[in-house]
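The values are calculated or read from the model by the stated rules, or taken from the named source; none is laboratory data. Quick caveat: nothing in here was measured; it's all calculated off a predicted structure. When we count neighbours, we look across all protein chains shown, and the Cβ atoms used for this are built from the backbone with ideal geometry, even at glycine. The accessibility values were calculated without ligands, DNA or RNA, using every heavy atom of the protein model including side chains. Shrake-Rupley method; radii C 1.70, N 1.55, O 1.52, S 1.80 Å.
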Amino acid sequence: MSDMATRLDDYTRRLETLGTKLGMDFYPVNFDLVPNNFMLEISVYGLPVRMRHWSFGVRYIHQLVRQHMGHSRIFEVMFPGDPCEAFMLQNNSLAENTLVTAHVLGHADFAKNNQLFTRFMAMAGSHILEQSAARAHRLEQALTAHGQDRVEAVLDAALALEQHIDVDQPLHRPLYPPFMAPPGEAPADVFRDRFARLPGEAPPPPRDDKLRRSPLPPQPERDLLWFIAHYGPELEDWERDIFLAVREEAYYFHPIFSCQIMNEGWASYWHARLLREARFLPHELYLAAIKSHSDVVRPYAGGQQLALSLNPYHLGFSMWEAIIDKHGMEQAREIVRDEDDFGFIRNYLDQELADKLELFVYETRKDGETKIINRDIHAIREAILAPKYNYGAPSIAVSQVGADGSLDLRHDYLHDGRGLDLQQAERVMEYVGKVWRRPVSLHTVDFRGVVRVLPARKIGF
């Protein structure tokens, strides 16, 4: 073990002890020092071992270019679980990896105590690395048995719909009941039945016991991955397995997406506090780590220019500092437990803090001019949260399956608040058509509000 690894291991144990003393309650964490190329793969694949797909290669090249241009640097990647798994760069300085260790402990505390994390981890499992590796192994078996073209086409469709799950439904849910309840039939009520049998009571109307098949789906279905996996008319078992595997990973990543500002802010608050109170750290290392902290939570894009994109570390850190200063740690922990970013931003980002952080809503005209259009707190909150609605995806649901097996999808553009990129939507429809293997249509509107129906351009393989 290198001298840096030995010292970092010692600091890690001491930071864990200090965190517990300060009231932190975190999952155990396995820390690993890894080379840059491995870290880069983790960041683009989302997991150390995951199902292979060409889109991850595209992301890899994009991230590599950004790194070479100096626009992106990855300090760590952490996967919530019991235990959590954290990966840090070997070529980070000791000060940087000490800060990262404290930051990860904040993430581990958040994951253990936030209800959204605990609920989805209970459904999707708390050993994501092992589960992902098992799915990747099954995909390799499918590649051997069915060929790259067929497997890739199914994975194309599943990953194109990755965000289209229904987070209000459990991961493991039953199929629709095949028959509708007879008209007017209410659930059994023993108390009411006793009075229905009293002397003089009119007999109940005769029942039509002929069962009618339920429509498919019985109500609009937003979980496209689940629906296609279970009701795709010609899907084979290995194809259904791919859809369900992608869906399960989407459930795992949902709380990370939905609590990003809270989670990064909480981790940043704790790494700053742990470093401040870690008397065992050498003074030079502490100063270097605090410099890294300032780089992580800075609000500016460069120099003193206002940033046109939100830094979730900066916003979350500033909000937690304000909350703890005004209301104390006990209430802060209640917020950690009960909220996601929607509740966090709407309930605890006020006008005073927004003004202090110089937050604003802007628009960019076609000629390239960018101008501030609003500093009102309500507009700021909604602008921050807009990309998070519906897991960041357009609200699209299965409307019906026709008698010929055709699939009808509808975009809820009236309530969605976001339009569709029609060119991208056509590409996704092509993917869906290949796996559904029947006519597929999507009802939406274009940028002018004119109703459009997009068909799948190609059906089958």
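Which numbered condition in (1) farther than 30 Å from Lys21 by Cα; (2) of a type outside the set (Val, Ile, Thr); (3) at pLDDT 90 or above is the only one that Ser132 fails?
Of the numbered conditions (1) farther than 30 Å from Lys21 by Cα; (2) of a type outside the set (Val, Ile, Thr); (3) at pLDDT 90 or above, the odd one out for Ser132 is (3).
If I filter the range 432-443 for residues that are of a type in the set (Ser, Thr, Tyr), part of a strand (DSSP E or B) and either touching a helix residue (DSSP H, G or I) at 6+ places or on another chain (Cβ under 7 Å) or under 17 Å from Ala157 (Cα atoms) (or both), do I get at least one hit?
yes
Filter the range 306-345 down to the residues that are within 20 Å of the chain's Cα centre (by Cα), without any contact (Cβ under 8 Å) to a residue 12 or more places away in the chain and open to solvent by 20 Å² or more (accessible area, probe 1.4 Å) and list them by number.
Listed by number, the list holds a single entry, Ser309.
Regarding the range 379-399, can at least one residue be identified that is open to solvent by 70 Å² or more (accessible area, probe 1.4 Å) and more than 25 Å from Arg448 (Cβ to Cβ)?
Within the range 379-399 (the criterion being open to solvent by 70 Å² or more (accessible area, probe 1.4 Å) and more than 25 Å from Arg448 (Cβ to Cβ)), the answer is no, since none of the residues qualifies.
Phe38 fails exactly one of the following numbered conditions: (1) modelled with pLDDT under 85; (2) open to solvent by less than 20 Å² (accessible area, probe 1.4 Å). What is the number of that condition?
For Phe38, the exception is condition (2).
From the set of residues in the range 80-129 that are under 17 Å from Glu16 (Cβ atoms) and among the hydroxyl-bearing types (Ser, Thr, Tyr), which is farthest from the chain's Cα centre (by Cα)?
Among them, the one singled out is Thr98.
Suppose the filter is surrounded by 13 or more Cβ atoms within 10 Å (Cβ to Cβ), of a type in the set (Gly, Ala, Ser) and more than 20 Å from Gly232 (Cβ to Cβ); does Gly419 pass it?
Yes; evaluated as a whole, the condition is true for this residue.
Do any residues in the range 113-125 that are under 12 Å from Asp338 (Cβ atoms) and open to solvent by 20 Å² or more (accessible area, probe 1.4 Å) have Cβ atoms under 6 Å from those of residues that are outside any helix (DSSP H, G or I) and not polar (S, T, N, Q), where the two are at least six apart or on different chains, and which pairs are they?
Between residues of the range 113-125 that are under 12 Å from Asp338 (Cβ atoms) and open to solvent by 20 Å² or more (accessible area, probe 1.4 Å) and residues that are outside any helix (DSSP H, G or I) and not polar (S, T, N, Q), the close pairs are Leu116/Asp340.
Which residues, taken from the range 273-299, are assigned to a loop (DSSP other than H, G, I, E, B) and not aromatic (Phe, Trp, Tyr)?
If the condition is that a residue be assigned to a loop (DSSP other than H, G, I, E, B) and not aromatic (Phe, Trp, Tyr), then Ala278, Arg279, Leu281, Pro282, Val297, Arg298, Pro299 are the ones that fit.
Which residues, taken from the range 132-167, are among the β-branched types (Val, Ile, Thr), open to solvent by 10 Å² or more (accessible area, probe 1.4 Å) and over 16 Å from the mean Cα position of the chain (by Cα)?
Answer for the range 132-167, where residues must be among the β-branched types (Val, Ile, Thr), open to solvent by 10 Å² or more (accessible area, probe 1.4 Å) and over 16 Å from the mean Cα position of the chain (by Cα): just Thr144.
Determine, yes or no, whether Val432 is open to solvent by less than 20 Å² (accessible area, probe 1.4 Å), over 27 Å from Leu116 (Cβ atoms) and of a type in the set (Val, Ile, Thr).
The answer is yes for Val432.
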